[in-house]
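**Student:** First the structure, which I've put down as structure tokens, then a few questions once you've had a look.
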Amino acid sequence: MYKHLLKPILFLFEPETVHNFFVSFGRFMGSFRIGRFLVSFMYGYKGKDISKVVDGVKYKTPILLSAGFDYNANLIDILSSMSFGGVEVGSVTARPCLGNSTPRLRRLINTKSIMVNKGLRNDGVDKIINKIKNKKTSDLVIGISVARTNDKNTATVESGIEDYIYSLKKVVASSVGDYYTINISCPNAFGGEAFTTPILLEQLFSSIDKVERTKPLYVKMPISIADETFFELLEVLDRHKVNGVIIGNLQKDYSQINPKDKTPEKYSGGLSGKPCEDRSNFLIKKTKEKFKNRFTIVGCGGVFSYEDAKKKFDAGADLIHLITGMIFEGPSLIKNICEGIAKEK
């Protein structure tokens, strides 16, 4: 029904308008028990146990909503009813961010992608912490992605590090969330990807190591960099108190856009979805081969089916993050992936 009836109508409207509608609707449905029951009746996985424990955290399913969709923690009461085992909230920043100028999202239908240029739009770490504290459900793992505030005040290395540390200390002190992610790879923020060189990453994590914490810490990795640089970054992280990596963030190789898709004269932001898939799978496999079990690996990028998720698991991923596949395939995607995992057990 979604793919053949609802999606053609939704895709007539601006992507961010549709996104905001579904976030509001999801928040409403998650606010009362009957709403959660109705969503679970349609989209909840009810098969054999496919739960998984990763870094001491138990996920009822290994499929999570990636950071960037529920950036203000509005959906944390409904996602479990949709078969998600977790959500990564954010990225959150020390100060609220309005985001980049509109349009911040562009659909590339033939490419099976969304051009994302949000600029870390979020309400700020303090407000988001309070929302998480008031969640109604208990079986959804909540990760909190932390990024540096998207403004000129964090343009220097020193101010950027201070900004990361401020937000991380806030979430640690609040005891909310089940794991934390340091997002070093947002391609559409002020100053770009400031900490994706080994020297600067070393500086950042030398400071982050000093923040006392008991919950797992992951790093959201860039994928549009040379292989050599990618593995140099992992070698830096190997020396620090990092549990795992998320592979990876948005694709900046615009040559992967299908010529049939109408695009602006000047590109901005990064590509989600299918343009990320092959690169993500390659880097997952090579990371597993090189570092064995040193890092938990979260696979992200281009998951539109159970078969896509299986490729990432087979390459070495422990968990899966997705967004764009749900937008193109519908909310039943998550349940379908879970049923595919159950059949393999």
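**Student:** Mind ordering 62-69, 2-9 by average Cβ neighbours within 10 Å, highest first?
**Tutor:** So the order, starting with the most tightly packed, is 62-69, 2-9.
**Student:** Do any chymotrypsin sites (Phe, Trp or Tyr not before Pro) in region 209-308 lie in a DSSP loop with no more than 15 other beta carbon atoms within 10 Å, and if so, which?
**Tutor:** Of the chymotrypsin sites (Phe, Trp or Tyr not before Pro), the ones in loops of region 209-308 whose Cβ has at most 15 other Cβ atoms within 10 Å are TYR267.
**Student:** How big is D, in µm² s⁻¹, for region 1-128 by Stokes-Einstein at 4 °C and 1.567 mPa s if Rh is the Kirkwood radius over C-alpha pairs?
**Tutor:** Working: Rh = 16.3 Å.
Rounded, D is 80 µm²/s.
**Student:** Keeping every protein chain in place, order MET42, MET115 by accessible area at 1.4 Å, biggest value first, i.e. largest first. Spell out each step's value before the answer.
**Tutor:** Details: MET42 105, MET115 5 Å².
Result, largest first: MET42, MET115.
**Student:** Can you give the Rg to Rh ratio of the chain, both from alpha-carbon atoms, with Rh computed by the Kirkwood formula? List each step's numbers first, then the result.
**Tutor:** Numbers: Rg = 18.6 Å, Rh = 20.0 Å.
We get a ratio of 0.93 for the chain.
**Student:** For region 229-345, which semi-axes, largest first and in whole Å, follow from the square roots of 5 times the eigenvalues of its Cα gyration tensor?
**Tutor:** 25, 22, 10
**Student:** Across region 121-277, how large is the tail of the calculated P(r) beyond 24 Å, expressed as a percent of all Cα pairs?
**Tutor:** 38
**Student:** For region 206-333, with every protein chain kept in place, what is the accessible area per residue (1.4 Å probe, Å²)?
**Tutor:** With the other protein chains kept in place, region 206-333 gives 42 Å² per residue.
**Student:** Can you give the Kirkwood hydrodynamic radius for region 201-277, in Å, rounded to one decimal and based on Cα pairs?
**Tutor:** Final number for the Kirkwood radius of region 201-277 is 14.7 Å.
**Student:** So if each residue of separation counts as 0.36 nm, and I subtract the Cα-Cα distance between GLU235 and THR214, what length gain in nm does that give?
**Tutor:** 5.3 nm
**Student:** Express the accessible area of region 1-129 per residue in Å², computed with a 1.4 Å probe while the remaining protein chains stay in the model.
**Tutor:** With all protein chains present, region 1-129 gives 47 Å² per residue.
**Student:** I've got another one for you. Taking all protein chains in place and a 1.4 Å probe, what share, in percent, of the accessible surface of region 293-345 do carbon and sulfur account for?
**Tutor:** 47
**Student:** If each residue of separation counts as 0.36 nm, what is the full-extension length gain between VAL53 and LEU6 once their alpha-carbon separation is subtracted?
**Tutor:** Here the segment from VAL53 to LEU6 would lengthen by 13.3 nm.
**Student:** What longest range of the chain stays clear of loop-exposed GluC sites (Glu not before Pro) (DSSP non-H/G/I/E/B, at most 15 other C-beta within 10 angstrom)? All intermediate terms of the calculation are to be shown ahead of the outcome.
**Tutor:** On the way: sites that count: GLU212, GLU265.
Between the exposed loop sites, the longest stretch runs 1-211.
**Student:** Something else about it: With just the Cα atoms of region 91-173, tell me how far they stretch along each of the three principal axes, in Å, largest first.
**Tutor:** Result for region 91-173: principal-axis Cα extents of 44, 40, 17 Å.
**Student:** Could you sort 93-104, 242-253 so that the peptide with the highest average Cβ count within 10 Å comes first and the rest follow in order?
**Tutor:** In decreasing order of mean packing, 93-104, 242-253 become 242-253, 93-104.
**Student:** Local charge sum around SER83 (other residues, Cβ-Cβ under 10 Å, Lys/Arg +1, Asp/Glu -1)?
**Tutor:** Here the count lands on +2.
**Student:** Another question about this same structure. When N counts the residues of region 249-294, how does its alpha-carbon radius of gyration compare numerically with 2.2 N^0.38 Å, as a ratio?
**Tutor:** That ratio works out to 1.49.
**Student:** On to the next question. Apply the Karplus parameterisation 6.51 cos²θ - 1.76 cosθ + 1.60, with θ equal to phi minus 60°, to every residue of region 97-114 and state each ³J(HN,Hα) to the nearest whole Hz, in sequence, with x for glycine and proline.
**Tutor:** My calculation for region 97-114 gives 10, 6, x, 6, 5, 7, x, 8, 10, 9, 7, 10, 5, 6, 7, 6, 8, 10 Hz in order.
The values are calculated or read from the model by the stated rules, or taken from the named source; none is laboratory data. All figures in this text were calculated on a predicted structure; none of them were measured in a lab. When we count neighbours, we look across all protein chains shown, and the Cβ atoms used for this are built from the backbone with ideal geometry, even at glycine. Heavy atoms of the whole protein, side chains included, go into the accessibility calculation; ligands, DNA and RNA do not. Shrake-Rupley method; radii C 1.70, N 1.55, O 1.52, S 1.80 Å.
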